[in-house]
Amino acid sequence: MTQWTLDPETRTTEPASLPKMRGENVNVFYGTKQALFDVNLAVPEHQVTALIGPSGCGKSTFLRCLNRMNDTIDIARVEGEITLDGRSIYDPKIDVVELRAQVGMVFQKPNPFPKSIFENVAYGPTIHGRASAKADLEQIVVDSLRKAGLYEEVKERLHEPGTGLSGGQQQRLCIARAIAVAPEVILMDEPCSALDPIATAKIEELIDELRENFTIVIVTHSMQQAARVSQRTAFFHLGVLVEEGPTSEIFTSPNDKRTQDYVTGRFG
Amino acid sequence: MTGYLFLTIILFSLAAFYVGRSAATRFAVAGDRLAVHSRPIYHGAFAAIWVGLPALVLVLVWLLFQDGVVRTLVVQSLPPSLTEGASSSQISLFVSEIRNVAAGRIFAEPRPEIAAAAERYASWTVLANWAMVVVALCMMALALFLARVRISPRYRARQSFERALDIIMISSAALAILVTFGIIVSLTYEAIQFFRLVPPTEFFFGLNWEPQIAIRADQVAGTGAFGAVPVFTGTLLIAAIALIVAIPVGLLSAIYLVEFANRRVRGIVKPILEILAGVPTVVYGFFAVLTVAPAVRQTGSLFGIAISPNSALVAGGVMGIMIIPFISSLADDALKAVPQSMRDGSLALGATPAETITKVLVPAALPGIMGGILLAASRAIGETMIVVMAAGLTANLTANPLEGVTTVTVQIVTLLIGDTAFDNPKTLSAFALGLVLFVVTLCLNVAALKIVQRYREKYE
């Protein structure tokens with residue numbers, strides 16, 4: 001196995017300015033159709049980066065490149081370079097399974113496994129052998145549920161099916177499940193689009209807390225959400241990264257006309 | 001005669017349809033569109049059903065009872081000298097003789113009483129048939145009149161038609177249930193006859209099965225023993241071997257087809273796999289006897305193992321191949337029904353495809369897979385042709401797959417082939433075996449249904 005996982009020593013010695021993840025000249029094709037054109041984007045560590053843009057603009061496609069989930073689509077082809085801590089993740093020597101353990105993902109629709117709440121969270125740590133003893137595993141599960149802000153609500157029924165929770169709780173369960181693997185980056189693909197406003201507020205609050213320990217990239221359709229939770233925003237349009245920068249700048253003084261039209265609600 | 005009557009009913013219904021439709025068309029065209037409740041086609045259909053359905057039911061009921069009534073009348077008209085003190089079976093003999101004579105199948109000169117009765121029988125039957133035709137025609141005419149009177153712009157023919165359709169669908173469902181019920185009743189009745197002759201304790205717990213007892217005094221036959229345990233264990237042994245072959249192969253091929261095979265491979269492999277289900281079982285039978293059994297025997301003799309020519313291994317193995325498609329196609333459906341989001345969720349946590357399959361997909365699809373396995377199991381237990389050809393005839397209480405065993409279905413076939421007498425435990429034991437088989441496969445099917453229902457779509 002390649003020594004892909006960086007040990008903490010080398011990580012601390014890296015310059016703070018180095019982005020956690022970076023895409024350089026990323027082109028993505030679905031069959032003959034090109035979905036992304038020369039995207040260059042850096043994802044800084046311990047910040048929330050929001051990807052916004054109208055439907056079909058390629059923001060989800062870019063997100064799925066970051067943990068190689070596009071590999072599961074037969075006709076998808078990715079060109080260019082994407083790095084995690086300076087290492088290319090499309091390097092043939094990279095183990096995609098380990099990559100995904102480091103770059104976790106939360107999906108648009110809550111997708112808990114048809115198992116108990118406990119088993120849902122324990123799934124990742126078990127397959128990666130993170131816990132040697134049963135007590136360790138329990139600790140990881142409880143910690144993850146706590147970090148996802150779900151523990152107090154479900155502590156009485158850890159062994160009931162995760163599918164029995166409400167939509168918002170299910171989504172937090174999915175976040176807990178991702179946290180339990182101890183990733184460095186968490187990708188979120190419109191995590192609130194299937195939720196009501198109260199559940200959305202809880203998830204947004206949670207995202208802000210998670211920033212402390214994880215680097216987060218979130219795709220969202222809601223510009224208010226991007227403004228509320230993110231530090232940096234990237235605006236995609238028709239497969240092109242139009243503009244990216246600090247969220248406050250993108251929303252108040254965008255350079256590009258298209259960005260301005262979009263964030264002021266003129267289209268999209 | 002009845003054939004023409006059915007044809008007449010259909011023609012009358014068609015005529016009624018046109019009458020109803022044209023009547024409705026007239027006011028639909030003339031009147032205010034909103035005031036007309038139903039479209040003409042519903043008025044037509046309504047009239048057709050009113051004309052056709054009652055007449056059809058009448059004719060069917062009539063046919064059901066006509067013969068019984070005529071028979072009773074004829075028996076009553078027989079001179080008392082014949083019927084006095086005659087047992088019911090003697091009367092049945094008379095009746096069948098009368099029927100034969102009436103149908104012109106005369107083997108010897110019939111007695112004058114019988115000939116006279118046959119004449120009466122024939123004439124009454126003709127009379128009854130004509131009466132049926134007349135009553136049916138009158139009924140249809142009356143129904144057509146009533147339906148025509150009711151057709152008006154505000155008449156809700158659409159709802160009436162719906163209701164009539166409801167009734168038709170309910171009767172179709174009821175028919176299936178009635179047939180099942182009839183099978184159960186006839187099986188149970190004969191099985192009870194059997195248990196009058198042989199105690200149930202012997203049948204269910206006896207270890208010796210030699211049912212080929214003589215039904216004529218001059219036959220050479222067994223002494224008669226009806227302990228069915230070796231037959232049941234033989235069935236279970238063969239079914240178990242079949243499942244041991246079919247479950248891994250079926251399940252793994254389904255997983256391969258759903259999760260790994262590309263579209264082209266899938267397009268080739270899946271139909272071929274499904275052809276297995278289309279091969280006639282008799283072909284599997286001689287494949288087992290002529291190809292597999294000698295090969296297995298030779299292989300065994302290489303290692304110095306004696307294998308019976310009709311071993312459970314061969315019958316079960318070939319049966320296992322036959323039921324692979326049941327498991328693979330149901331598992332295939334179940335796996336495909338697991339949402340893509342489950343796969344994505346697992347892969348995004350850094351699980352390998354194999355971990356995703358064993359830990360997420362198969363558990364999520366388990367109800368469907370279990371349903372397939374139970375269906376295959378009940379098929380294996382009830383399968384007849386392969387085991388008749390490839391398994392043994394002698395009941396042998398063993399768990400050794402290299403020996404010959406017999407199964408319930410094989411025994412039923414051999415018991416009912418050739419001369420059969422229905423007051424003989426040999427024949428009746430077939431019904432007891434059939435009842436047990438029926439109950440077991442029914443239980444398996446019910447269990448399969450329950451499992452599938454209980455756990456269905458828990459992942460949504």
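Could you tell me which trypsin sites (Lys or Arg not before Pro) in the stretch B:42-118 are loop residues by DSSP with no more than 13 other beta carbons within 10 angstrom of their beta carbon?
Passing both the DSSP loop test and the Cβ count: B:Arg105.
Give the shape of the stretch B:255-297 as rounded, prolate or oblate, defined through the alpha-carbon gyration tensor: a ≥ b ≥ c are the square roots of its eigenvalues, a/c under 1.5 means rounded, and otherwise the shape is prolate if a/b is larger than b/c and oblate if not.
prolate
Taking amide hydrogens as modeled 1.01 Å from N in the peptide plane, which residues meet the under 5 Å criterion relative to A:Gly80, leaving out close sequence neighbours?
Distant-sequence amide H within range of A:Gly80: A:Asn27.
Going by how many other Cβ atoms sit within 10 Å of their own, how do B:Trp62, B:Trp50 line up, fewest first?
B:Trp62, B:Trp50
Sort A:Lys155, A:Lys109 so the one with the fewest other Cβ atoms within 10 Å of its own Cβ comes first.
The most exposed by this proxy come first: A:Lys155, A:Lys109.
Considering only B:Thr414, B:Trp50, B:Pro401, whose Cα is most displaced toward the positive end of the charge dipole of the protein assembly as shown, charges sitting on Cβ of Lys, Arg (+1) and Asp, Glu (-1)?
B:Trp50
Sketch the reach of a paramagnetic label on B:Val282 as a point 7 Å from Cα along Cα-to-Cβ, and name the residues of the stretch B:357-386 whose backbone nitrogen lies under 14 Å away.
Within reach of a label on B:Val282: B:384-386.
Take peptide B:232-245, look around each residue's Cβ out to 10 angstrom, count Cβ atoms belonging to other protein chains, and average those counts.
Per-residue shielding by partner chains comes out at 0.
What is the gain in length, in nm to one decimal, between B:Tyr256 and B:Ile91 on full extension, counting 0.36 nm per residue of separation less the C-alpha to C-alpha distance?
Taking 0.36 nm per residue and subtracting the Cα distance, the gain is 52.7 nm.
Please compute the average number of Cβ atoms from other chains found within 10 Å of each residue's Cβ in peptide B:349-359.
Per residue, the number of nearby Cβ atoms from other chains is 6 on average.
Neighbouring Cβ atoms within 10 Å as the yardstick, rank B:Met1, B:Met322 fewest first.
Starting with the residue having the fewest Cβ neighbours, the order is B:Met1, B:Met322.
How much net charge surrounds B:Ile106 when only the other residues with a Cβ under 13 Å from the Cβ of B:Ile106 are counted, with Lys and Arg +1 and Asp and Glu -1?
So the surrounding residues net to 0.
In deg cm²/dmol, rounded to 500, what helix-only [θ] at 222 nm does the protein assembly as shown give when every DSSP H run of at least 4 residues adds -39500 (n - 2.57) and the total is split over its residues?
Rounded to the nearest 500, the figure is -19500 deg cm²/dmol.
Count the lysine pairs in chain B whose Cα atoms sit under 29 Å apart, keeping only pairs 8 or more residues apart in sequence or on different chains.
Lysine pairs meeting both conditions in chain B amount to 10.
Rounded, prolate or oblate: pick one for the stretch A:107-203, where a ≥ b ≥ c are the square roots of the eigenvalues of its C-alpha gyration tensor, a/c under 1.5 means rounded, and failing that, prolate if a/b is larger than b/c, else oblate.
It is prolate, given that a/c is not under 1.5 and a/b is the larger ratio.
Which whole number gives the average, over all residues in A:181-194, of C-beta atoms from other chains lying within 10 Å of the residue C-beta?
Whole-number average of other-chain Cβ neighbours for A:181-194 is 1.
Within chain B, which DSSP H helices have Cα atoms that stretch 15 Å or more along the helix axis and a mean Kyte-Doolittle hydropathy of at least 1.0?
Answer set is B:2-30, B:40-77, B:112-150, B:157-197, B:229-255, B:312-337, B:362-382, B:425-455.
Since every read-out is calculated from the coordinates, none of them should be taken as a lab result. From a predicted model like this one, the values you see are computed outputs, not experimental measurements. Every residue, glycine among them, receives a Cβ derived from its backbone with ideal geometry; neighbour counts consider all protein chains shown.
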